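Okay, structure first, notes after.
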Amino acid sequence: MTRVLIIGAGGQIPRYLIPLLQAQTAITVTLFGRHADALPYDGLRKITGQADQLSDLVEAMQGQDIVYMNFDDKAITELVVTAMHQTGIKRIIQAGVLSVYGEVAEPFAAWNTRMMGGTVAEGRGIEALEASDLDYVYLRMTWLYNGQRREYVASPKGAPFLGAQVTRKAIAQFVLDTLTGKREDHRASIGLWEPGSENKTKPDFY
């Protein structure tokens with residue numbers, strides 16, 4: 001049995017991820033967030049707490065095997081890493097952003113830079129993860145939308161980032177594939193986009 005803690009369980013990706021995990025008989029899920037008790041999921045353990053409080057994180061991580069962190073903030077990621085060390089957890093998946101290495105290729109790069117500004121690479125969790133000894137997977141997600149497609153392209157660190165869009169359901173599928181062993185990424189920073197969105201100047205929904 002794999003025990004998964006979702007930090008930031010009230011976010012949009014967990015809306016797709018949690019039902020996928022509930023369907024897995026070999027996975028148990030604990031939800032952690034500021035208002036976890038109000039989340040509309042039956043049969044799951046829910047812990048209300050603050051991700052910027054080390055004591056709350058340590059309490060939530062007791063007995064867990066892997067952490068899924070649904071947002072990207074370097075300072076909080078550093079706290080999460082500390083809590084993982086204190087509780088003996090080694091594996092983490094973190095939802096992050098594209099362009100942390102300046103890897104986005106043209107023609108999409110010009111639009112992405114204009115929309116996101118010039119500070120994308122600053123204060124990101126990948127810095128804390130790469131400096132740690134954890135078995136991490138950092139998700140460099142392109143622009144997200146709510147659609148039904150589950151397909152994704154997974155691009156390793158060092159490769160050009162080509163895709164302009166991806167569904168939240170596809171991100172949830174990637175996380176599920178990682179948790180169930182379909183994917184074997186370790187200490188990896190993975191770019192994620194939708195097949196067919198390569199070489200677009202911007203997402204279709206803009």
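The values are calculated or read from the model by the stated rules, or taken from the named source; none is laboratory data. Bear in mind the structure is a predicted one, so any value in this text is a computation, not a measurement. Cβ sites come from the backbone with ideal geometry, for glycine too, and all protein chains shown count toward neighbours.
The table that follows gives values for the structure above.
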read-out: Hey, Phe174 closer than 21 Å to Ile13 by Cα, aromatic (Phe, Trp, Tyr) and surrounded by fewer than 20 Cβ atoms within 10 Å (Cβ to Cβ) or not; value: no
read-out: Any hit, the stretch 101-120, residues being within 16 Å of the chain's Cα centre (by Cα) and not in a loop (DSSP other than H, G, I, E, B); value: no
read-out: Test: residue in the stretch 117-139 that is out of contact with any His (no Cβ under 8 Å at 6 or more places or on another chain), modelled with pLDDT under 95 and of a type in the set (Val, Ile, Thr); value: yes
read-out: Number of the condition not met by Glu127 [criteria: (1) crowded, with 17+ Cβ neighbours inside 10 Å; (2) closer than 23 Å to Gly11 by Cβ]; value: (1)
read-out: Subset of the stretch 38-66 (residues that are closer than 16 Å to Thr2 by Cα and in contact with a Lys or Arg (Cβ under 7 Å, 6 or more places away or on another chain)); value: Gly63, Gln64, Asp65, Ile66
read-out: Search result, residues across the stretch 161-175 that are closer than 15 Å to Tyr145 by Cβ and in a strand (DSSP E or B); value: Gly163, Val166, Thr167
read-out: Residue tally, condition over 16 Å from Gly96 (Cβ atoms) and assigned to a helix (DSSP H, G or I), over the stretch 176-206; value: 3
read-out: Pick from the stretch 130-158, criterion among the aliphatic types (A, V, I, L, M), more than 23 Å from Lys202 (Cα to Cα) and within 17 Å of the chain's Cα centre (by Cα), ranking: surrounded by the fewest Cβ atoms within 10 Å (Cβ to Cβ); value: Leu134
